[in-house]
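Visitor: Let me begin by handing over the structure; questions about it come next.
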Amino acid sequence: MAETKLSLEEKLVEIRKGAAYVQKTKAGFGYKFAPEEEILAKVTPLLTKYKVLLFKHIVPGTFSVEPNIYQKIESKPDKTGTVITTEKTVSEYLCKAELIFTFVDAEDPKQQISIPWAMVAVQTDATFSYAGATTSAVRLFWMKQLDMATSEYGQDEYVAKQKESEERENKEIVSGIIEQINKVYAPYADDKEK
């Protein structure tokens, strides 16, 4: 029996199924997030299993690193309770570019899917700005393209919510079927009662 080859789209569906959830394990900038290494730990083995490659390209002519200089005003109470207002010059670098992410089927390289994307970050160092922009772009790409759920809680809670949603959907389907059956057979039920 010949083995059925999956199309690139079908492979991506299987990858999506296997990488449905990632836990938020890092904190920074006032919020919790799922770090890139957690996402890649989920995705990389699936890419290998299904022989799918992802190429990331900066669209020529779109990359820029620009100085972003502004005045920052801060007000803080001192030990006596008097509010002290200070102003300082902040010098940062804005890094941005348009990207193209291309999935390629390694078994049939003619099968490709290209997706436009973007990167942007602001940091006090140009190198950090570039690193932050690329890391965030890749992390968000995977999360949004694979519809990865994130939570501060564990995968068990996510699976329980997913099952609850599936059960609710199944009940709605069954109710719809029963309603259709009742419509078809209702006239006959009335005849038997007479």
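The values are calculated or read from the model by the stated rules, or taken from the named source; none is laboratory data. As the structure is a prediction and not an experimental result, all values here were calculated from the model. Neighbour counts run over all protein chains shown; Cβ positions are idealised from the backbone, glycine included. What goes into the accessible areas is simple: the full protein's heavy atoms, side chains included, and nothing from ligands, DNA or RNA. Shrake-Rupley method; radii C 1.70, N 1.55, O 1.52, S 1.80 Å.
Listed here are the residues, each with its yes/no results for (1) open to solvent by 90 Å² or more (accessible area, probe 1.4 Å); (2) under 14 Å from ARG139 (Cα atoms).
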{"position": "THR44", "(1), (2)": "no, yes"}
{"position": "ILE58", "(1), (2)": "no, no"}
{"position": "LYS88", "(1), (2)": "yes, no"}
{"position": "ILE113", "(1), (2)": "no, no"}
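To keep it simple, each residue is scored yes or no on (1) at pLDDT 95 or above; (2) of a type outside the set (Gly, Ala, Ser).
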| position | (1), (2) |
| --- | --- |
| PRO35 | no, yes |
| ILE39 | no, yes |
| LEU47 | yes, yes |
| PRO67 | no, yes |
| LYS79 | no, yes |
| SER91 | no, no |
| PHE101 | yes, yes |
| GLU107 | yes, yes |
| THR127 | no, yes |
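Visitor: For segment 118-127, which residues satisfy the criterion of being in contact (Cβ under 8 Å) with a residue 12 or more places away in the chain and surrounded by fewer than 19 Cβ atoms within 10 Å (Cβ to Cβ)?
Guide: ALA118, VAL120, VAL122, GLN123, THR124, ASP125, ALA126
Visitor: Could you please find all residues in segment 1-33 being at pLDDT 85 or above, surrounded by 14 or more Cβ atoms within 10 Å (Cβ to Cβ) and among the polar types (S, T, N, Q)?
Guide: Once the filter is applied, which keeps residues that are at pLDDT 85 or above, surrounded by 14 or more Cβ atoms within 10 Å (Cβ to Cβ) and among the polar types (S, T, N, Q), segment 1-33 yields nothing.
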